[in-house]
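Since the structure comes first, as structure tokens, the remarks are kept for the end.
The values are calculated or read from the model by the stated rules, or taken from the named source; none is laboratory data. Quantities reported herein were computed from a predicted structural model and do not represent experimental measurements. Cβ: placed from backbone, ideal geometry, glycine included. Neighbour counts: every protein chain shown.
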Amino acid sequence: MKKLLFLLILIPFLFGCEPMYMEPSEPHLTGRAWVLSDYSVTVISSISPVKVIKDDVICINAFGEQSYVLGDALMQQNFGMTMDDRRFIKGVTTWEFDDSNYTLYINGNVDKRYPVVYPSYMRTEHTQMRVSNPDYGAETNFTFFTDAIGVNYPLKLTLISPNVVSDLLLSNGMRDKAVTVQITLIFTRN
């Protein structure tokens, strides 16, 4: 009887605990539009102290329009001359992804398609995304992450731009690397 009781107690331990590994599911960037809710500009390096003045508009391009105010160089971006996939207005710019053909639609314009390449799986916190502009043959590589790795529908998408280098036109006519920045774009959806 003691052997039978011992055997009955031992059986659950032989079969009950099997280690399992489950990979997180891919967050869906599709489904609803992403709206630019905020951005930040991080100064990576500069030859002089830099002050970034934010407004509702940001571009992923060099600060090229230069003027001097009280001895300081004021550098601005040219929104009108920037490609659609690299210009953003806070609260207005929307991105929508279509995973069936890896396409990005900007501001609801379904007639203009931007091919997007990113892994079909997301195993790490930060992943690379490449947005191609077929009109200009240009590509923009972003690092991106969401607020919900392993959850199907994240509500926050963060894109980090490649380094953006702006040259300063010096008084002697020479150009010098004035500042290198990275731009972080924060998109949200309801």
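Some observations on this one:
- Residues in segment 41-62 that are of a type in the set (D, E, K, R) and farther than 15 Å from LEU168 by Cα: LYS54, ASP55, ASP56.
- Residue selection: VAL35 satisfies the criterion of being farther than 24 Å from ASN163 by Cβ, at pLDDT 85 or above and assigned to a strand (DSSP E or B).
- Within segment 5-32, tally of residues that are under 17 Å from the mean Cα position of the chain (by Cα) and at pLDDT 55 or above: 5
- Qualifying residue in segment 91-99 (condition: out of contact with any helix residue (DSSP H, G or I) (no Cβ under 6 Å at 6 or more places or on another chain) and under 28 Å from PRO49 (Cβ atoms)): no
- Counting the residues of segment 75-93 that are of a type in the set (Ser, Thr, Tyr) and either more than 15 Å from SER166 (Cβ to Cβ) or modelled with pLDDT under 90 (or both) gives 1.
- Here ALA148 does not fit the description of being modelled with pLDDT of 85 or more, surrounded by fewer than 17 Cβ atoms within 10 Å (Cβ to Cβ) and more than 18 Å from ASP98 (Cα to Cα).
- Check on TYR105, within 21 Å of LEU159 (Cβ to Cβ), of a type outside the set (Gly, Ala, Ser) and part of a strand (DSSP E or B): yes
- Subset of segment 151-190 (residues that are without any contact (Cβ under 8 Å) to a residue 12 or more places away in the chain and small (Gly, Ala, Ser)): SER171, GLY173
- Within segment 43-96, the set of residues being under 30 Å from ARG32 (Cβ atoms), assigned to a strand (DSSP E or B) and in contact (Cβ under 8 Å) with a residue 60 or more places away in the chain comprises ILE58, PHE88, THR94, TRP95, GLU96.
- Qualifying residues in segment 61-77 (those that are under 30 Å from THR188 (Cα atoms) and touching a strand residue (DSSP E or B) at 6+ places or on another chain (Cβ under 6 Å)) - the one surrounded by the fewest Cβ atoms within 10 Å (Cβ to Cβ): GLN76
- Only one of the numbered conditions (1) modelled with pLDDT under 80; (2) over 21 Å from ASN61 (Cα atoms); (3) of a type in the set (Lys, Arg) is violated by LYS177, and that is (2).
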